[in-house]
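Inspection log for the structure reproduced underneath, given as structure tokens.
Any read-out appearing in this document is the output of simple, stated calculations on the displayed coordinates, not a laboratory observation. This is a predicted model, so every value here is computed, not measured. Here Cβ is always computed from backbone atoms with ideal geometry, including for glycine, and neighbour counts include all displayed protein chains.
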Amino acid sequence: MSGNGVVIIGGGQAASQLAASLRENGYAEAIRIAAAEAVLPYQRPPLSKAFLKGDVAATNLLLRAEDFYSRNAIDLALGDRAVAVDRQARRVRLASGGLLPYEHLVFATGSRNRKLAVPGADLDGILDLRSLTDAEMIKARLEGLVRVVVIGAGFVGLELACVMRALGADVVVLEAADRPLGRAVSPEMSRSLLEAHTASGIDFRLRTTAARFHGASGQVIAVETADGARIDADLVLMGIGATADVELARDCGLAVSNGILVDAHLTTADAAVHAIGDCALMEGPRGGRKLRLESVQNAVDQARCLAGSLAGRAKLPDSVPWFWSDQGDRRLQIAGLTEGYDKCVVRGDVGCGRFSIFCYAGDRLLGVESMNQAADHMIARRLLASSVVLAPEQAADASFDLKSLVVTAGKITAEA
Ligand SMILES: Cc1cc2nc3c(=O)[nH]c(=O)nc-3n(C[C@H](O)[C@H](O)[C@H](O)COP(=O)(O)OP(=O)(O)OC[C@H]3O[C@@H](n4cnc5c(N)ncnc54)[C@H](O)[C@@H]3O)c2cc1C
């Protein structure tokens, strides 16, 4: 050992979890976090939900209290972005000029929002949401807000639309695809969400996007859509997805595409360098499909696994991916990865908004989307983690007791 310990680049969910899990695993070397944001690591999910609504204060978003880091000898360089990595010398240069030597380097740089490059995109009042600072900027504009246009009906876009509507604004959502959450959920789930959100007063314009923004005195006043409509707006919120933050990794010669390429042990081609969380593009088990996920579960799970490896207790990330999103007063939960399904069966009552959609490839269950059905979601995670078979007919039969199948399946410890 060099005695230089671990340097983590990024100060978010994955970084904080990795540092905590390293200490839990008895790792005794130095741990240093270089964080571009000037605040202690915090949870992002409430930013588009309870925080914007005013139900949660910024101090309650912190993942761990300040003294947790000092008590555990975790050095935080807050507001000090890592600007270069010298892999030969094994050290990281910070914007402040500081140099951090490492034995192991971990990229936990997260992702960045996509921007829409159309005329007028730099007008005041066009905002997006990734950080606490972004959320505070949106919050500062909420008073007297009348008309909001949300661009993009992905998870964050829809959550923002629901919050804005709940706060009393007229909300129009523009979506380029023919349904909301088109890349993430089944058509049945999209349809249910579209109906529920439309009933709450949100106006959806599908198969179109913003072609330009109109302003007056530097402030956005309207959005012109690709099909020529003009929609008045006091505030425009962008939710058009994110890309992995890979620049620094690429600049130091690591392989990147839509993520920093790591093997199943979260290690790059350089054995001293790793990547976890949103920024990591992980090789699938046994050389299978590469996967990059943007979720709290993924960030936490990968951080825990890497911590085990670095502390000498190797464990591969193997848990079933899961995700949640609050859609107004509805909670959508997804267990597993549904991509590639060829059959969906519905269990429950779509009309009253309590149901689950079981997605199959042949007879193999790939994943389950649950709406206000937390019990189905928990059972789905256990089933997917086990070799127990749930036939499509059983899933569709509301009188079939799903719990009876999971008695011997693995225990679930984490809750959304
Ligand atoms: C508005 C919003 C709502 C969300 N809702 C949900 C949800 O409901 N459910 C869910 O599962 N997930 C949700 N997510 C996703 C979830 O928050 C992320 O998947 C998770 O935060 C990923 O953790 P991470 O540590 O990989 O990245 P992040 O938490 O994004 O942290 C990365 C950090 O690295 C910093 N950084 C980047 N480059 C450098 C550098 N060179 N030097 C130093 N620091 C650097 C960044 O500034 C950032 O602070 C949401 C995300 C957002 C933005």
_The lone exception for Met164 - which of (1) buried (at least 17 other Cβ atoms within 10 Å of the Cβ); (2) under 29 Å from Leu337 (Cα atoms); (3) within 16 Å of the ligand (Cβ to nearest atom) it fails_ = (2)
*Unmet requirement for Lys49, which otherwise passes all of (1) under 22 Å from Asp86 (Cα atoms); (2) charged (D, E, K, R); (3) within 11 Å of the ligand (Cβ to nearest atom)*: (1)
_Going through Asp363, Asp326 one at a time, which residue ends up being of a type outside the set (A, V, I, L, M), farther than 30 Å from Asn25 by Cβ and away from the ligand (no atom under 14 Å from the Cβ)?_
Asp363
_The listed residue being assigned to a strand (DSSP E or B), in contact with a strand residue (DSSP E or B) (Cβ under 6 Å, 6 or more places away or on another chain) and not small (Gly, Ala, Ser), out of Leu306, Leu390, Leu366, Leu384_ = Leu366
*Does region 338-359 hold any residues that are of a type outside the set (A, V, I, L, M, F, W, C) and either in contact (Cβ under 8 Å) with a residue 40 or more places away in the chain or surrounded by fewer than 20 Cβ atoms within 10 Å (Cβ to Cβ) (or both), and which are they?*
Thr338, Glu339, Gly340, Tyr341, Asp342, Lys343, Arg347, Gly348, Asp349, Gly351, Gly353, Arg354
*asked:* If I ask for residues that are surrounded by fewer than 17 Cβ atoms within 10 Å (Cβ to Cβ), small (Gly, Ala, Ser) and in contact with a helix residue (DSSP H, G or I) (Cβ under 7 Å, 6 or more places away or on another chain), which ones from region 56-83 would you list?
replied: Ala58
*Scan Ala233, Ala196, Ala216 and give me the residue that is surrounded by 20 or more Cβ atoms within 10 Å (Cβ to Cβ) and among the aliphatic types (A, V, I, L, M).*
Ala233
*Considering only region 293-303, how many residues are among the charged types (D, E, K, R) and surrounded by fewer than 21 Cβ atoms within 10 Å (Cβ to Cβ)?*
1
*Of all the residues that make up region 75-130, how many are more than 14 Å from the ligand (Cβ to nearest atom), closer than 30 Å to Ala153 by Cα and not in a loop (DSSP other than H, G, I, E, B)?*
2
